[in-house]
Amino acid sequence: MRNKIENELSRLESNGIIKKVDYSDWATPIVPVLKKDGSVRICGDYKATLNKQIELNRYPIPNIEEISLNLAGGDKFTELDFSHAYTQLELHPDSKVYTTINTHKGLYQYERLCFGISSSPGIFQAVMDSIFKDIPNVCVYFDNVYITGKNDTEHLKTLDKVLKIVGEKGLKINKDKCQFMLTEISFLGYILSKQGIRPQPEKTKTIKEAPKPENTQQLRAFLGLTIL
């Protein structure tokens, strides 16, 4: 993965997400994660360094019930995907030094919020919620924004408001992952439509096809499967 890591470091540096530094009191090893498209996501192994020293941001993350409630009554659904999620947010100058990563190409310091820091999810969710909180029929879940409306006219007006805010705030969207005006969308293991929510078929297939338990050991195994 060496070449892929170097390509990703070059991309991050050219986009102003990281910058090379000669020395640092902090240096976190990296964990490269292979993505579906063959590229890599570079994460710092901050659990061994920074995460031990900072207070965890406990901002509440919406669950499936809250998301479905916010989108209830919708006829169609749109999903917008923020490109490279956390890196949309710039770090305060005093915080940047602590994010330094150690790679085979040397030390790099993050200029923007990054993966691996325990408080990143809460910080990102809080900022996104504050940006879109005043728009009805909109729900944010990390790097995804879900939009609906009682009819096409209401839906498109809401979508227009969201896109205008995206432009004003300088946020970046991955258009290849966006979906517009769908009758149903999938997230968190569920399918949401105007009829409500239901589990994704692939999530229940194993349970439905499991053999009937014939003894205590098999029953315990089946119960363990349903709990998971």
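Figures for the structure shown
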quantity	calculated
Ser118 paired with Thr206, simple spin-label distance in nm, labels 7 Å along Cα-to-beta-carbon	2.9 nm
24 Å Cα-Cα reach of Lys212 towards lysines, excluding residues that sit fewer than 8 places from it in its own chain	Lys203
Exposed GluC sites (Glu not before Pro) absent: longest stretch of the chain, with sites in DSSP loops and at most 11 other Cβ within 10 Å deemed exposed	56-208
Per-residue [θ]222 nm for the chain (sum of -39500 (n - 2.57) over DSSP H runs n ≥ 4, rounded to 500)	-10000 deg cm²/dmol
Point-charge dipole on Cβ atoms (K/R +1, D/E -1) for the stretch 47-90, about Cα centre, debye to 20	300 debye
In range of the label at Tyr23: residues from the stretch 107-141 whose backbone nitrogen is under 15 Å from the point 7 Å along Cα→Cβ	107
R0 of 25 Å, Cβ-Cβ distance Lys35-Leu225: FRET efficiency to nearest 0.05	0.30
Those aspartates and glutamates that a straight Cα-Cα span of less than 19 Å connects to Lys20, excepting residues fewer than 8 apart in one chain	Glu6, Glu8, Asp45, Glu90, Asp94, Glu111
FRET E, pair Asn174, Lys150, Förster distance 45 Å, beta-carbon r, rounded to 0.05	0.95
Computed lengthening from Lys164 to Tyr190, 0.36 nm per intervening residue step minus Cα-Cα distance	6.4 nm
Paramagnetic reach from Arg58 (point 7 Å along Cα→Cβ, amide N under 18 Å) across the stretch 107-145	118-126
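Every number here is computed from the coordinates shown, using simple stated rules; none is lab data. What you see is a predicted model, and the numbers here were worked out from it, not measured in a lab. Cβ sites come from the backbone with ideal geometry, for glycine too, and all protein chains shown count toward neighbours.
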